[in-house]
Amino acid sequence: MQYTDYQNAADYIRPLLPMEAYPIAIVLGSGLGELGDKLSNRVEIPYADIPGFAQSNAPGHRGMLLAGELAGRPVLCMQGRPHRYEGHDFARVTFPVRVLRLLGVRTLLVTNAAGGINTEYAIGDIMVIADHINLMGGNPLAGLHEPAFGERFFDMGTAYTPALRALAHACAKKLGMSLREGVYIAVTGPSYETPAEIRAFRTLGADAVGMSTVPEVIAARHCGMQVLGLSLITNMAAGVTDAVLSGEEVIAVGRAKAKEMEALVTEIVKEI
């Protein structure tokens, strides 16, 4: 990708936006896309219309960039994301994040559906991501460096902004909710992990596993964005229980917990 590719996408989107400034963007993961329908004064832009955007074919990912207001705050909202397992390279997976930065986004909220590795977790728990482990086989910043976005080598010691993590817990308490906080490990997929892999991931210190988010967070931090990550535990990972894992379960749990996630994200956006 060249810098002009990101500029072309931003230049296409900008005239379609009803407001000039959108400091907050939200990436909605599997089963969580309905939050986008709650935006007021909503404008919908299909990914297929945006130069350089990859279309996601994952279940529950609608492939729409939304502009609107949530809790009275202007936000951009990605209904779905491209995944590495769909055949997209890391540059394509993280392309939207860099375009969002060119559109003025300073804070990125990323959500995902994840499998619970920590045996104290339960299906339906919401986990604030404190840190991550990248086992996706690559880094989205490898290759040609674009200094306009950030330094070649940069710190990832606080990839997930501590103040935003604290805010998430405070908002949850206000809503009478309780959140987990833990480490997210990212793998390529699309097959679910084996029980042996899950045992290894637990030894590494992971609490939840998924197939997204980490490339986006790396790209966002490289661009200087503040990041908050939320994982909805939609299933327990292989070997934690005897249940057979399925994509349908992920979507079903996402929909069942949608109102709770919507309330939490809305409160967070209001308080940022």
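Coordinate-derived values only; no laboratory data. Worth saying up front: this structure is predicted, and the values here are computed from it rather than measured. Because the Cβ atoms are built from the backbone with ideal geometry, glycine has one as well, and the counts that use them run over all protein chains shown.
Side notes on the structure shown:
- Under 14 Å, Cβ to Cβ, from Ala206 - net charge with Lys/Arg +1 and Asp/Glu -1: -3
- Labels on offer are (1) 0.98; (2) 1.01; (3) 0.94, and the one holding Rg/Rh (Cα atoms, Kirkwood Rh) computed from this structure is (3).
- Computed log₁₀ I(q)/I(0) - Debye formula, equal Cα scatterers, no solvent, segment 145-201, q 0.20, 0.22, 0.29 Å⁻¹: -0.92, -0.93, -1.13
- Each DSSP beta bridge with both residues in segment 48-205 is either parallel or antiparallel, and the antiparallel ones are about 45%.
- In order through segment 145-158: 3J(HN,Hα) via Karplus (6.51 cos²θ - 1.76 cosθ + 1.60), integer Hz, x for Gly, Pro: 8, 10, x, 5, 8, x, 6, 4, 10, 9, 7, 10, x, 10
- Residue-wise HN-Hα couplings along segment 186-197, as the Karplus relation 6.51 cos²θ - 1.76 cosθ + 1.60 with θ = phi - 60° gives them from phi, are 10, 10, 6, x, x, 5, 6, 6, 7, x, 5, 5 Hz; Gly and Pro carry x.
- Residues of segment 125-150 with amide N under 19 Å of a point placed 7 Å along Cα→Cβ from Tyr3: 141-150
- Efficiency of FRET between Glu146 and Arg42 - r from beta-carbon atoms, R0 25 angstrom, step 0.05: 0.20
- Bridge type composition, the chain - antiparallel percent by DSSP, nearest 5: 35 percent
- Cα-based helix-to-principal-axis angle, 90-102 vs the chain, degrees rounded to 10: 50 degrees
- Vicinal HN-Hα couplings computed from phi for segment 168-182 (Karplus, 6.51 cos²θ - 1.76 cosθ + 1.60; Hz; Gly/Pro x): 4, 5, 5, 5, 4, 4, 4, 8, x, 10, 10, 10, 8, 9, x
- Simple Cβ-charge dipole of the chain, Lys/Arg +1 and Asp/Glu -1, about Cα centre, in debye nearest 20: 420 debye
- Normalised contact order of the chain, rounded percent, pairs of Cα under 8 Å and 6 or more residues apart: 26 percent
- Maximal additional length on extending the Arg255-Ala163 stretch stands at 30.3 nm, based on 0.36 nm per residue less the C-alpha distance.
- FRET efficiency estimate (nearest 0.05) - Cβ-Cβ, Arg199 to Lys270, R0 41 angstrom: 0.50
- Cα gyration tensor shape for segment 112-229, rounded if a/c is under 1.5, else prolate or oblate: oblate
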